[in-house]
Amino acid sequence: MPTILITGGHSGIGLETAKQLAKRGFDLILAGRDPNRIELVAKGLRETYGVKVIVLQLDVASLASVRSSVIELRQRVVQREIDVLEAVVCNAGASFMGDIRYSVDGYELTFATNYLGHFLFVQLLLDYISENGRIVFVASGTHDPETRDGKMVGRAGRADAFALANLGKGNSKALAWGQRYSTSKLCMILLAYELDRRLRQSGKSISSIAFDPGSIPETDLMRSLPGPLQSFAKTSFARWITRMMGITQGSLEFSSESLARVSADAEFAQVSGKYLQSNDGTLRVTRSSKASYDESTARKLWEDSGSLAGLQLSEMPASLR
């Protein structure tokens, strides 16, 4: 059966998207840090929808974990436990309030979690995605400083991989938690567009898509807020206020359904290199920020990310070398 992999597919929009895909008959791979917790979710999906659900241990903030998870996945494909992947949904992400924290590799944690781990994961998996498959990067409207979303969280900084990985070290300028988040999402969109260009140049028909689910109170960004603010954010009054402010309106139900459609439905087979946004019950192709279309920035981000991730030439897909 066709198989779709979702990072962070055991909670929030990832879980709701997994349910939507399971309804469509797709087998699933749910990748995340806690296999015991994910197995409980996987069991429920198997029993409810009758699909195969495999649990893959993956900490996207750890480059060693990314590599070991890909080795396991490749072995399962070779042993025919699973088919090649129809889609990879790069959904796992988080925001970290307070002081800067670092990953096990010594990189700023927001950048490592939301962007760098997914960069390496996709590179290592590309040869195991079907010829007409899709890679969907879950982005955020917060990346665009000209929108209300971007102004609310914090203006995205420059997409400089070395600077972002080493924020707070030495005399480097620190960014507030909201800026760290929005900048990591800008990097995700630059990655989606650069990957699309490289795939087209190589003759590959795999799609690379950026997807903005809109502001959803149940996501990690909201869970970083103090408890009272989390509760308030889920009220209809708070939703009315944010709508009046011009914040992009997502919902767990509609945004997850939209993400499933973008990942699997035929109508989205030709939107590679585009930015799709779920807003107030409508899914549409729209423009991302001006900075996200800077090709020279995207190329440098790609190259520097490879250096940070320790990506060897032998590890890269032959089509992208």
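The values are calculated or read from the model by the stated rules, or taken from the named source; none is laboratory data. Note that the structure is a prediction, hence the values are computed from the model and not measured. FYI the Cβ positions are ideal-geometry reconstructions off the backbone, even for glycines, and counts take in every protein chain you see.
See the values below:
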| read-out | value |
| --- | --- |
| Unique residue being surrounded by 14 or more Cβ atoms within 10 Å (Cβ to Cβ), out of contact with any His (no Cβ under 8 Å at 6 or more places or on another chain), assigned to a loop (DSSP other than H, G, I, E, B) and at pLDDT 95 or above when the list is Val51, Val88, Val66, Val60 | Val51 |
| Filtered residues of the range 31-41 (kept if buried (at least 22 other Cβ atoms within 10 Å of the Cβ) and of a type in the set (A, V, I, L, M, F, W, C)) | Ala31, Ile38 |
| Failed criterion for Gly250 (all others in (1) within 18 Å of Gln20 (Cα to Cα); (2) modelled with pLDDT of 90 or more hold) | (2) |
| Subset of the range 127-152 [of a type in the set (A, V, I, L, M, F, W, C) and surrounded by fewer than 24 Cβ atoms within 10 Å (Cβ to Cβ)] | Ile129, Met152 |
| Test for Ile241: is it assigned to a loop (DSSP other than H, G, I, E, B), at pLDDT below 70 and either of a type in the set (A, V, I, L, M, F, W, C) or surrounded by fewer than 17 Cβ atoms within 10 Å (Cβ to Cβ) (or both) | no |
| Output for the range 265-284, where each listed residue is more than 14 Å from Ala210 (Cβ to Cβ) and either among the hydroxyl-bearing types (Ser, Thr, Tyr) or under 16 Å from the mean Cα position of the chain (by Cα) (or both) | Thr282 |
| Filter result (of a type in the set (S, T, N, Q) and more than 18 Å from Val262 (Cα to Cα)) within the range 189-214 | Gln201, Ser202 |
| Enumeration of residues in the range 14-32 that are among the hydrophobic types (A, V, I, L, M, F, W, C), in contact with a Gly (Cβ under 8 Å, 6 or more places away or on another chain) and outside any strand (DSSP E or B) | Leu15, Ala18 |
| Residue satisfying condition, being of a type in the set (Ser, Thr, Tyr), assigned to a strand (DSSP E or B), surrounded by 16 or more Cβ atoms within 10 Å (Cβ to Cβ) and touching a residue at least 24 places away in the same chain (Cβ under 8 Å), within set Ser278, Ser258, Ser305, Ser263 | Ser278 |
| Arg80, sole failed condition from (1) assigned to a loop (DSSP other than H, G, I, E, B); (2) in contact with a helix residue (DSSP H, G or I) (Cβ under 6 Å, 6 or more places away or on another chain) | (2) |
| Verdict on Leu28 being loosely packed, with under 15 Cβ neighbours inside 10 Å and of a type outside the set (S, T, N, Q) | no |
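The rows are residues; the columns are (1) at pLDDT 50 or above; (2) among the aliphatic types (A, V, I, L, M); (3) more than 20 Å from Arg155 (Cα to Cα).
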{"site": "Leu195", "(1), (2), (3)": "yes, yes, yes"}
{"site": "Arg198", "(1), (2), (3)": "yes, no, yes"}
{"site": "Gly203", "(1), (2), (3)": "yes, no, yes"}
{"site": "Ser207", "(1), (2), (3)": "yes, no, yes"}
{"site": "Ala210", "(1), (2), (3)": "yes, yes, no"}
{"site": "Pro213", "(1), (2), (3)": "yes, no, no"}
{"site": "Leu221", "(1), (2), (3)": "yes, yes, no"}
{"site": "Leu229", "(1), (2), (3)": "no, yes, yes"}
{"site": "Phe232", "(1), (2), (3)": "no, no, yes"}
